[in-house]
Every structure is written in C-alpha cells, then in structure tokens.
Amino acid sequence: MTRGRLLSLQFLIAVITLLAWHLATTVPIGGVTLLPPFFFSNPVDVAARIFKWFAEGTIWKHLWVTLIEAMLAFVIGSVAGVLIGFWFAQQPRVAAVFDPYVKAINALPRVVLAPIFTLWFGLGIWSKVALGVTLVFFIVFFNVYQGVKEVSPTVLANARMLGMNDRQLMRHVYWPSALSWMFSSLHTSVGFAVVGAVVGEYLGSAAGLGYIIQQAEGVFDVAGVFAGMFVLAAFVIAIDWLVTLTENRLLVWRPVAAETRTQA
Amino acid sequence: MSNGASGAEAHSRTTAVALSDVNITFRLADSGSYTAVEGASLEVADGEFVAIVGPTGCGKSTLLNVTAGLFPPSQGRVDIFGANLAGLNRQSGYLFQSEALFPWKTALENVAIGLETAGTPQSEARARAQDWLTRVGLGHFGPRYPHMLSGGQRKRVGLAQVLIRDPKILLMDEPFGPLDAQTRQIMGNLLLDLWSADRKAVMFVTHDLEEAIALSDRVVIMSAGPAARIIGDWRVPLTRPRDTAEVKLDPEFHRLHRDIWQTLKAEVMKGYEQTGGG
Ligand SMILES: Nc1ncnc2c1ncn2[C@@H]1O[C@H](COP(=O)(O)OP(=O)(O)OP(=O)(O)O)[C@@H](O)[C@H]1O
Ligand SMILES: [Mg+2]
C-alpha cells in the first residue's frame, strides 16, 4: 500500500465515523434519534467547542500544564528507573531481597495512590507528577534491569577479551544494552507519563486536560467531555510521533529501527 | 616464506600454550555434573598453527574458553608462555563461535574498541581500524552496523577486531562455520596471508577436516564427549605458502586426510549417538 493510499483510507475511516455520529445524533429515524444528543453531543458542537478553546486561547494553559507534568514524570521516573535498574542488575542479592516488594508495589493499581499523593504534594502539579513517576519508573526499571541482564554472554566475553575494565564494560556494553531496552519501551513509558498526569488531574486539580474533562463532566457538558478527549488524543499522537522520531535517531543500529526508517 | 616442516622447528621454539591434564566439569542445574573434557594435554609452540577437530559437543569451545582464561579448568593447569594462567589470558585474542560484535557499534567502532580500551587515542584507533578493515576487504563498510553486514562480512570484522590488538596467541572457534564453501576458501587464504605476516600461535577449531589440514601445521583430534580427550595429533607436512584450494590437490593432503579420517570417523559416529542425532 502506498503512503498516499494508506492516508486516504485512514482519512476515510474518520469521515465515516464522524458522519455516522452526526446522523445518529441529529437525524431522527421514524421519530427516534438513535443517539440522544444529551448523552452523545454531536460532531459539530464538539468541533465548535474545540475551535472556541483554541480561538480564545484558554486551552493552551491546560495543554502546557499536562505537558509539563508528563515530562517531569517521564524524566524523574526514567532517571530513577535507570539508576535502580542498573543497581539491582549489578547486585543480584539486593535484587533478590527487594524482589517481592517491587512486585507488590507494581501490582498496586495506581489510582489508589492518587489521594495520598494529593495529601502529600497538594493539588498542584507535583501530585500528578508523582502519580506519573510511579507508572514510568516500573517500566523503565524492568527494562533496564532486563537490558543489563540479557547482554549476550558471548558479547560480554568478547568485551573482556578486548581488554575492557569494569568502567569500560559499563560504558560500552551494559549502558547501550540497557538504553536499547529502555528505548524499546519508550512509547509505553511516555504514554504512561501522560496517563499519570491526566488521571491525577481528573481526580483533583485546577488545570490540565484531565481537569477540563472532569469539569465538563461535572455539569453534564457532553460536548466539552468529547472535545477534551479529542484534544487529549491529538496531544498523545503528537507526543508519540516525537518519540518515534527520537527512537529512529537513537536506535539506528537495530534491525527494526532501520527498516521502519527506510519505509518512512 | 619458509618451506614446510614448521613442526620440526616447533620444538625449538618457546611454548605459547601448554594445557596439562586438563579436566573440565560443569555443574548442572539438577545438582548433577557433566565432565566435558578429561585429561586433555596439548602444547602449542609460538608461531604454530594448530587445528582442533572433533565431533560436535565434544568440548572444543570449552577448551578454548579455558585457554582464554574465561574460566579455570576444574583440574590440571594452563600455562601461557611458561607462566601459569590465572584469570583472563591477556596475551590472546579470541574469535568466538557465535556472534560477538557489539551490535550498537559500527564496524569501524567495533574494530577500534580493542585499541581504545588499551588507551590509544580515539582518532588514532579509528585510523588504524580503517586500515584493518581495508586489509580484510571491508574498507567501505566502516559506517555499517553489524546487522547490515552479511555473515561472512561480520566474521571478517571480528577477525580485524581481534588482530588489531596484535595478540601473541590467536584462538579461533569455527570462524568460518556458517559460510559457504567458496567464502570459506577466500577467508582461509585471507587468514593465512595475515598470519604469515607475523606468525602467531593459533588454535583453530573447526569441524571441517579438509579445512584443518589445508590451514594448519598440526591437526589435533578430540574424542566424542563426555570426558573427551585428545586422541590424535598429526603434523601436516605441506609446504607454505599455501593456497587452501590448490593444496587439496596435493597427494600428501589425500594421504593425511585418509589417515586422520579413520580415527575421526569412529568418534563422529559416537558423538552423533550421544547427542541423539544420526
Ligand atoms: N555451561 C555449561 N554447562 C553444562 N554443560 C556445558 C556447558 N557448556 C558446555 N557444556 C557441555 O559441554 C560439552 C562441550 O561443549 P562445547 O561447547 O565445548 O562443544 P563443542 O565441541 O564446541 O561443540 P560444537 O562443535 O558443536 O561447537 C557439551 O556436551 C555441552 O553440552
Ligand atoms: Mg563449539
């Protein structure tokens, strides 16, 4: 499939969905509207709302807040994940001792932590950052841990035969391997950073995309809810696209990354 | 170049590698143990090219690993240039059986790294790496990552990676294993070319008897495992320099091949039976 054809098909899906939505909410069939506008709004209203947000410029502040929260959560979670992942992989005993606790905390649904974080860090951005960190950290941590553990024994033996000391092994072998694992989960961890921010906002805040959606929901403003969802979706896609660009630059040495590059 | 009979000279030269009564036992997960090699003794003189042939799973790689100092033998001793080996064998270069290049480094970086670890400035290391890539016929492949190279090209990068450090002992584990017959021949000639420039002691593992005879001064045969031992040691009286293809037409080559094969055949059959193949 050529790129143009693919794009036009993808566009077609959007058009059909919007059209069906529009017809079902506005055109009565036999006196009955299939989807009551009160619960489903309609595409025109939603588009108008989105346009208004951007035209009046009120949305930027919320986007910015969510972006900052997600970025902070990503950076803090990643740094902590890399450091502790490395430490555990180098110290099997430490890893063994902490193992059940790591698993227990990771198994905890993060939503339950939100109220505690609000108590600890207040209603501002930091309670949302904290929520995002708990999500990002574990993904990065597990991947880095795996990356260090899964270095091919032959590559490791080769590195030692080529005269690498511990520091050089770290820099030339463990670090690139861990990074490659971390980057392979970049989409997931960045996605979770956004999820943490939005869920945190939704549960209690004064700004952000989650806040907008929660506010609209509070007054049964369905158009506002849908508009918030669309903006959020576009936001996530834009970030994901940036991640793909970064990934292709950083992982040129990997077969998959190189192939997707030539396709693009 | 000097003609043949390197075997005769070998005794007057220093001994590069001496394995004496080496046992290698692996502890298995189910608390049992497996003795891969038992009572193996082998001497390799400085500058001597020794091929090691044996049925699959007999312990050839294990023997090289011990010579490289990657782990100590369970019993017996390993001496490198007369000194007992403790820890890594820093005088040897090792071309591994499986993929050992750093996938995140380009061919050039892969070759240069062995100099950089020794403190050579990066620019000089890269310049010399470029030189070595050219020598193995990959002058234009420096910027490629390993996955963008063919199996044979990767092996050549591996060869350059090891040789750039100028090790006194070269350990090679089926370096041409996965390659087709023609490429093997080209690689064999390349190896002999590089080797004859400054003869290193070589331990060359292969499962291809013809290749072993064509390349080496001595062919050593290992028995099938478990508790594999060295059961035969032949000098190769063929003259050097050799062409690995032409040498196979030599009647001497055929006589030797028939001789060694008699011993090897029985072991290969045993090896198959033990691994459940055949
Ligand atoms: N870490 C290990 N633990 C247990 N057994 C091992 C281990 N490494 C090797 N072995 C066993 O020791 C024997 C020798 O293995 P080795 O890799 O040296 O064989 P090889 O002669 O190189 O075979 P091939 O020609 O197939 O490469 C095999 O039977 C193998 O199963
Ligand atoms: Mg082997």
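Each value in this text was obtained by applying a stated rule to the coordinates, not by laboratory testing. This is a predicted model, so every value here is computed, not measured. We place every Cβ from the backbone using ideal geometry, glycine too, and count neighbours over all the protein chains shown.
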Next item on the list: Measure of size requested: the Rg and Dmax of the stretch A:48-263, with Cα atoms as the atom set and Å as the unit; please supply both.
Entry: 20.3, 69
Next item on the list: Take the alpha carbon gyration tensor of the stretch B:69-112, find the square roots of its eigenvalues, order them as a ≥ b ≥ c, and report rounded if a/c is under 1.5; if not, report prolate when a/b exceeds b/c, else oblate.
Entry: prolate
Next item on the list: Would you please give the FRET efficiency between B:L28 and A:L7, computed as 1/(1 + (r/R0)^6) with r the Cβ-Cβ distance and R0 = 56 Å, to the nearest 0.05?
Entry: 0.45
Notebook entry, point to check: In a shell of Cβ-Cβ distance under 14 Å around B:A51, excluding B:A51 itself, what net charge do Lys and Arg (+1) and Asp and Glu (-1) give?
Noted result: -3
Next item on the list: Would you mind computing, in nm to one decimal, how far apart the modelled labels at A:T26 and A:I68 are, each placed 7 Å from Cα along Cα→Cβ?
Entry: 3.9
Check: Put +1 on the Cβ of each Lys and Arg and -1 on the Cβ of each Asp and Glu in the stretch A:48-263; which of A:S189, A:I50, A:A95 then has its Cα farthest toward the positive end of the dipole?
Finding: A:A95
Next item on the list: May I ask you to list the lysines whose Cα is less than 23 Å away from that of A:K52, ignoring any residue fewer than eight positions away on the same chain?
Entry: A:K61
Item checked: Anchor B:K105: lysines whose Cα lies under 22 Å away (excluding residues fewer than 8 positions away in-chain) -> A:K149, B:K155
Check: If you take every DSSP beta bridge whose two residues both sit in the protein assembly as shown, what share of them, in percent to the nearest 5, is antiparallel?
Finding: 55
Next item on the list: Please give the calculated 222 nm ellipticity per residue for chain A, where each DSSP H segment of at least 4 residues contributes -39500 (n - 2.57) and the sum is spread over every residue; nearest 500 deg cm²/dmol?
Entry: -26500 deg cm²/dmol
Next item on the list: Could you let me know the centre-to-centre spacing of the stretch A:196-251 and the stretch B:159-185, using Cα atoms, in angstrom?
Entry: 55
Check: How much length is gained if the chain between B:L88 and B:R258 is pulled fully straight, taking 0.36 nm per residue apart and subtracting their Cα-Cα distance, in nm to one decimal?
Finding: 57.4 nm
Checklist line | Lys, Arg +1 and Asp, Glu -1 on Cβ, resulting dipole of the protein assembly as shown about Cα centre, debye, nearest 20 | finding: 600
Check: Given chain B, what whole percent of its Cα pairs are spread farther than 27 Å?
Finding: 40
Notebook entry, point to check: Using a cut-off of 21 Å between alpha-carbon atoms, which lysines can reach B:K270, once sequence neighbours fewer than 8 places away in the same chain are excluded?
Noted result: B:K60
Notebook entry, point to check: In nm, to one decimal, how far is the modelled label at A:V75 from the one at A:F39, with both set 7 Å along Cα→Cβ?
Noted result: 4.5
Item checked: Residues in the stretch A:37-64 that a label on A:W241 would reach, taking backbone N under 11 Å of a point 7 Å out along Cα→Cβ -> none
Margin query: Could you list B:D30, B:D243, B:D217 so that the one with the fewest beta carbons within 10 Å of its beta carbon is first and the one with the most is last?
Written below: B:D30, B:D243, B:D217
Item checked: Within chain A: Cβ-based charge dipole about Cα centre, in debye rounded to nearest 20 (Lys, Arg +1; Asp, Glu -1) -> 720
Note to self: Given the -39500 (n - 2.57) contribution per DSSP H run of 4+ residues, what per-residue ellipticity at 222 nm results for chain B, rounded to the nearest 500 deg cm²/dmol?
What the structure shows: -11000 deg cm²/dmol
Check: Considering every pair of different Cα atoms, what Kirkwood radius, in Å, is found for the protein assembly as shown?
Finding: 28.2
Next item on the list: At 20 Å minimum axial length over the Cα atoms and a Kyte-Doolittle cut of 0.5, report the qualifying DSSP H helices in chain A, or say none.
Entry: A:3-26, A:58-90, A:125-149, A:186-203, A:222-250
Note to self: Roughly how far apart, in whole Å, are the Cα centres of the stretch A:132-169 and the stretch B:35-71?
What the structure shows: 30
Check: So how do A:I59, A:I16 line up by other beta-carbon neighbours within 10 Å, fewest first?
Finding: A:I16, A:I59
Check: Is any helix in chain B, taking whole DSSP H runs, at least 24 angstrom long along its axis by alpha carbon and on average at least -1.0 on the Kyte-Doolittle scale, and which ones?
Finding: B:181-197
Note to self: Which of A:M182, B:M222 has the fewest other C-beta atoms within 10 Å, and how do the rest follow up to the most?
What the structure shows: A:M182, B:M222
